[in-house]
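Input: a single structure, listed below in structure tokens.
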Amino acid sequence: MVARKTVDEGEFAGWDTYDLKDTFDQVVGPFYFRADADGRMRCAFRAEQKHMNAGGRMHGGCLMTFADIALFQTAYQQMEGSRGVTVQLDSTFVDAVRVGDLVEATGEVVRAGGSLVFVRGQISVQNRTVMTFSGIIRKLSPR
């Protein structure tokens, strides 16, 4: 199981992250998350040069990766400790992200059943929506 840890210094002090050594998430992240006052999960990261495409804007694949992370954080309670896989992830790119931007995602569970969790959300920079997403997670049975 991946270790969850609370950041104790820097911009994301008080936020949680995962100790993801030797994974894709470590290469593109780090990504952070915490519950807002209303209990909804919020995910965030600071846009760096490594996230940009040749045009100087955030690569769409980076935003899709972040959406996938946010999908699972939004569904965390409904996952009931189960692992899962993304079976569908849809996105609409609305605006650009630049180096230095604070990128945040919020969302909601639309429906949760025995094996599937349906989520929708948005990624924003300040009050500007840069992407919307929806996805389906399939819960995996323990081995």
- Filtered residue count, the stretch 100-143, keeping only those that are on the phi < 0 side of the Ramachandran plot, open to solvent by less than 80 Å² (accessible area, probe 1.4 Å) and part of a loop (DSSP other than H, G, I, E, B): 5
- Item | Hits in the stretch 40-66 - residues which are among the basic types (Lys, Arg) and part of a helix (DSSP H, G or I) | Lys50
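In this structure, is Ala3 of a type in the set (Gly, Ala, Ser) and within 21 Å of Thr129 (Cα to Cα)?
No, not satisfied.
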- Message: Go through (1) charged (D, E, K, R); (2) assigned to a strand (DSSP E or B); (3) out of contact with any helix residue (DSSP H, G or I) (no Cβ under 8 Å at 6 or more places or on another chain) for Asp95 and report which single condition fails.
- Response: (2)
- Task: Scan (1) in contact with a helix residue (DSSP H, G or I) (Cβ under 9 Å, 6 or more places away or on another chain); (2) in a loop (DSSP other than H, G, I, E, B); (3) of a type in the set (A, V, I, L, M) for the single condition Ile69 breaks and write down its number.
- Result: (2)
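Is it fair to say Asp95 is closer than 24 Å to Glu11 by Cβ, among the acidic types (Asp, Glu) and without any contact (Cβ under 8 Å) to a residue 40 or more places away in the chain?
yes
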- Note on the structure: Of the residues in the stretch 1-33, those that are farther than 25 Å from His59 by Cβ and not acidic (Asp, Glu) come to Met1, Ala3, Arg4, Lys5, Thr6, Ala13, Gly14
- Please go through the stretch 1-39 and pick out each residue that is in a helix (DSSP H, G or I) and surrounded by 10 or more Cβ atoms within 10 Å (Cβ to Cβ). Asp25, Gln26, Val27, Val28
- Task: Of all residues in the stretch 83-98, count the ones that are under 13 Å from Ile136 (Cα atoms) and either of a type in the set (Gly, Ala, Ser) or surrounded by 15 or more Cβ atoms within 10 Å (Cβ to Cβ) (or both).
- Result: 3
- Yes or no: Ala44 among the aliphatic types (A, V, I, L, M), at pLDDT 95 or above and more than 26 Å from Val2 (Cα to Cα)? no
- Some residue of the stretch 62-82 being open to solvent by 50 Å² or more (accessible area, probe 1.4 Å), in contact with a Phe, Trp or Tyr (Cβ under 7 Å, 6 or more places away or on another chain) and closer than 25 Å to Arg120 by Cβ: no
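The values are calculated or read from the model by the stated rules, or taken from the named source; none is laboratory data. It should be emphasised that the depicted structure is a prediction, and the values quoted were computed from it without experimental measurement. No Cβ is skipped: glycine too gets one built from the backbone with ideal geometry, and neighbour counts run over all protein chains shown. Areas reflect the complete protein model, heavy atoms only, side chains present, ligands, DNA and RNA absent. Shrake-Rupley method; radii C 1.70, N 1.55, O 1.52, S 1.80 Å.
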